[in-house]
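To keep things clear, I will list the structure first and then write my remarks on it.
Coordinate-derived values only; no laboratory data. These numbers were taken from a predicted model, which means no experiment stands behind them. Cβ placement follows ideal geometry from the backbone for every residue including glycine, while neighbour counts extend to all protein chains displayed.
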Amino acid sequence: MNITMVKKVKANGRPCRKSASVLSELETLGLLRSIGRVVDADERNPRSEGFKLALQHSVDAAPFFIVDREDGTQSVYTAYSRFLKDVFNHEVSETKQALEILSQNPDLDFL
């Protein structure tokens with residue numbers, strides 16, 4: 001299995017908050033070593049590899065993950081919690097999943 005993580009780099013050269021948080025958590029969980037490549041979607045360069053991958057896979061938010069499996073199938077994960085569960089069989093709390101959904105969909109709100 002080959003995993004590519006696409007992280008966003010802001011115009012000031014720093015990673016976006018969510019990308020930095022995900023990288024930190026992957027390191028803490030001991031999973032960062034399983035990520036084959038980390039690619040930048042750099043706001044300063046719309047032709048960066050990360051933006052090309054986002055366009056190719058119709059993704060409009062970072063970070064996201066591209067998983068190429070041994071059987072030739074490919075999956076794209078835009079939800080970090082789903083990626084952890086499907087790829088590493090790592091459970092994520094319902095609260096964390098809900099917060100991730102809300103952050104990815106600002107038009108949603110609590111009832």
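The figures follow:
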read-out: DSSP beta bridges in segment 1-94 [antiparallel fraction, %, rounded to 5]; value: 60
read-out: Spherically averaged projected area of segment 14-89 from its Cα convex hull (nm²); value: 5.4
read-out: Net charge of Cβ neighbours under 15 Å - reference N12; Lys, Arg +1; Asp, Glu -1; value: +3
